[in-house]
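Peer 1: Got a structure here, written out as structure tokens. Questions coming.
The values are calculated or read from the model by the stated rules, or taken from the named source; none is laboratory data. These figures come from a predicted structure and were not determined experimentally. Reconstructed Cβ throughout: ideal geometry from the backbone, glycine too, with neighbour counts over all protein chains shown.
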Amino acid sequence: MLLYFLSDIEHKYLLHQLLPTAREVGVSKELRGWSWYQPPLKPYYDNVKLPMYAASSKYCPTNRDVYLRNVEKVYPRLSTKVALGKMFHGVVSDCLQAFLQQQPIDFEGWWQKIRWAEIPEKPENVREPSKKVWEFMSKLCEAKLAEVSSRQPYASKYDVVASALPFLIEHKISGELLGLSGVLSIDCYDYLRAIMFDLKMAREQEEWYRLSPVGYAMVFESVHEVPVDICCVVYLNAENGRVSVHKDLFFASDELRQWWIEERDKKLEIVAEGRDPGKPTRSQCKEWCMFFDACYG
Ligand code: SF4
């Protein structure tokens, strides 16, 4: 359950497979985020800005969710699945932030601050998996800090933290150059290895989950003008009280970048033109879709 830390095997895969591929194959210069001012990255519509999940999501086969939220201004129904996803994002980011700020708090202190009115789930059903994730993260952070501290006895406290936990967590960044919101929030960016992480509450791996971190990689390139070649989707699953994590570590290739641009352009067009894309066949809609009531209520 290493979350944003790489295991020995993942590290070998990064060094001997992904980075050599990224260096050999490379990324076309027009698909780097810093080429935002020219096609294909330049957004066709200037007057629409979307959040990253709208630009990258493929939950709805026709993208009607994007139309309902951004044109009709329908407020999504917070399903249990989505609410729990938000909560586990909070467990991971709050625990890491506490270590980064050198103000560790224990799980009980964090648990007391949860606003249960916003979470459609009984506390007793999510307490154990949340506690497991929190305690595992805490132990891992303590071990990493102790390891770096013992290797570099003259390093300042700040330097030890910056080297042991090289993460920007919930990093705020503007996606405006790429047609996105000005207040995006990145789950995690490892600034020593230049890896863009995206945390997903899901059990099954999906190819399109790669779109979001690829989009963030290009946003990062557009703002900071540094290349981000490697991305990772971290799958966190906490069903039936059991917690499991697996990672999809990959090269942010030209194909993935082009795919993200196509998706962004389709969604920008729907919103800019105010065009209802219609519903797919009924069997393609899941009852946990946040817009199910709006479409079938
Ligand atoms: S209910 Fe179906 S058509 Fe409506 S937003 Fe959800 S997936 Fe799309």
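Peer 1: Restrict the check to the range 249-260 and report whether at least one residue is of a type in the set (S, T, N, Q), touching a strand residue (DSSP E or B) at 6+ places or on another chain (Cβ under 6 Å) and either assigned to a helix (DSSP H, G or I) or over 20 Å from R23 (Cα atoms) (or both).
Peer 2: Among the residues of the range 249-260, not one is of a type in the set (S, T, N, Q), touching a strand residue (DSSP E or B) at 6+ places or on another chain (Cβ under 6 Å) and either assigned to a helix (DSSP H, G or I) or over 20 Å from R23 (Cα atoms) (or both), which makes the answer no.
Peer 1: With the requirement that a residue be outside any helix (DSSP H, G or I) and either modelled with pLDDT of 95 or more or farther than 17 Å from K279 by Cα (or both), what does the range 62-76 give you?
Peer 2: T62, N63, V71, E72, K73, V74, Y75
Peer 1: Now for a separate question. Taking the condition of being closer than 14 Å to G90 by Cα and either among the charged types (D, E, K, R) or not in a loop (DSSP other than H, G, I, E, B) (or both), how many residues in the range 113-134 meet it?
Peer 2: Adding up the residues that qualify gives 12.
Peer 1: Looking at (1) of a type in the set (A, V, I, L, M, F, W, C); (2) out of contact with any Cys (no Cβ under 6 Å at 6 or more places or on another chain); (3) closer than 18 Å to Y235 by Cα; (4) in contact (Cβ under 8 Å) with a residue 60 or more places away in the chain, can you tell me which one M137 breaks?
Peer 2: (2)
Peer 1: Checking the conditions here, which among R203, R264, R193 is within 20 Å of K81 (Cα to Cα) and either basic (K, R) or modelled with pLDDT of 95 or more (or both)?
Peer 2: None of the others qualify; the one that does is R203.
Peer 1: Next question, about the same structure. Conditions first: (1) farther than 19 Å from I186 by Cβ; (2) touching a residue at least 24 places away in the same chain (Cβ under 8 Å). H11 passes all but one, so which condition is the exception?
Peer 2: Checking H11 against (1) farther than 19 Å from I186 by Cβ; (2) touching a residue at least 24 places away in the same chain (Cβ under 8 Å), the one that fails is (2).
Peer 1: Then there is this: Tell me, which residue of the range 216-235 that is part of a strand (DSSP E or B) and in contact with a helix residue (DSSP H, G or I) (Cβ under 6 Å, 6 or more places away or on another chain) is surrounded by the fewest Cβ atoms within 10 Å (Cβ to Cβ)?
Peer 2: I230
Peer 1: Got a number for residues in the range 159-210 being hydrophobic (A, V, I, L, M, F, W, C) and assigned to a strand (DSSP E or B)?
Peer 2: 13
Peer 1: Quick one: is E204 loosely packed, with under 12 Cβ neighbours inside 10 Å, acidic (D, E) and away from the ligand (no atom under 16 Å from the Cβ)?
Peer 2: Yes; evaluated as a whole, the condition is true for this residue.
Peer 1: Looking only at residues in the range 246-297 that are under 23 Å from the mean Cα position of the chain (by Cα), among the hydrophobic types (A, V, I, L, M, F, W, C) and within 14 Å of the ligand (Cβ to nearest atom), which one is surrounded by the fewest Cβ atoms within 10 Å (Cβ to Cβ)?
Peer 2: Restricting to residues being under 23 Å from the mean Cα position of the chain (by Cα), among the hydrophobic types (A, V, I, L, M, F, W, C) and within 14 Å of the ligand (Cβ to nearest atom), the top hit is W288.
Peer 1: Taking the residues in the range 97-156 that are of a type in the set (V, I, T) and modelled with pLDDT of 85 or more as candidates, determine which candidate is nearest to the chain's Cα centre (by Cα).
Peer 2: V133
Peer 1: Filter the range 47-87 down to the residues that are polar (S, T, N, Q), more than 17 Å from Y209 (Cβ to Cβ) and near the ligand (Cβ under 9 Å from one of its atoms) and list them by number.
Peer 2: Across the range 47-87, the qualifying residue is only T62.
Peer 1: Separate question: Looking at G297, G278, G274, can you tell me which residue is free of Cβ contacts under 8 Å to residues at least 24 places away in the same chain, more than 25 Å from S35 (Cα to Cα) and of a type outside the set (D, E)?
Peer 2: Among G297, G278, G274, only G297 is free of Cβ contacts under 8 Å to residues at least 24 places away in the same chain, more than 25 Å from S35 (Cα to Cα) and of a type outside the set (D, E).
Peer 1: Could you tell me whether the range 166-179 includes any residue that is touching a Pro at 6+ places or on another chain (Cβ under 8 Å) and buried (at least 19 other Cβ atoms within 10 Å of the Cβ)?
Peer 2: Within the range 166-179 (the criterion being touching a Pro at 6+ places or on another chain (Cβ under 8 Å) and buried (at least 19 other Cβ atoms within 10 Å of the Cβ)), the answer is yes, since at least one residue qualifies.
Peer 1: In addition: How many residues, within the range 178-205, are over 18 Å from H89 (Cβ atoms) and not aliphatic (A, V, I, L, M)?
Peer 2: 6
Peer 1: Of all residues in the range 56-94, which are more than 24 Å from V234 (Cβ to Cβ) and exposed (fewer than 14 other Cβ atoms within 10 Å of the Cβ)?
Peer 2: P61, E72, K73, Y75
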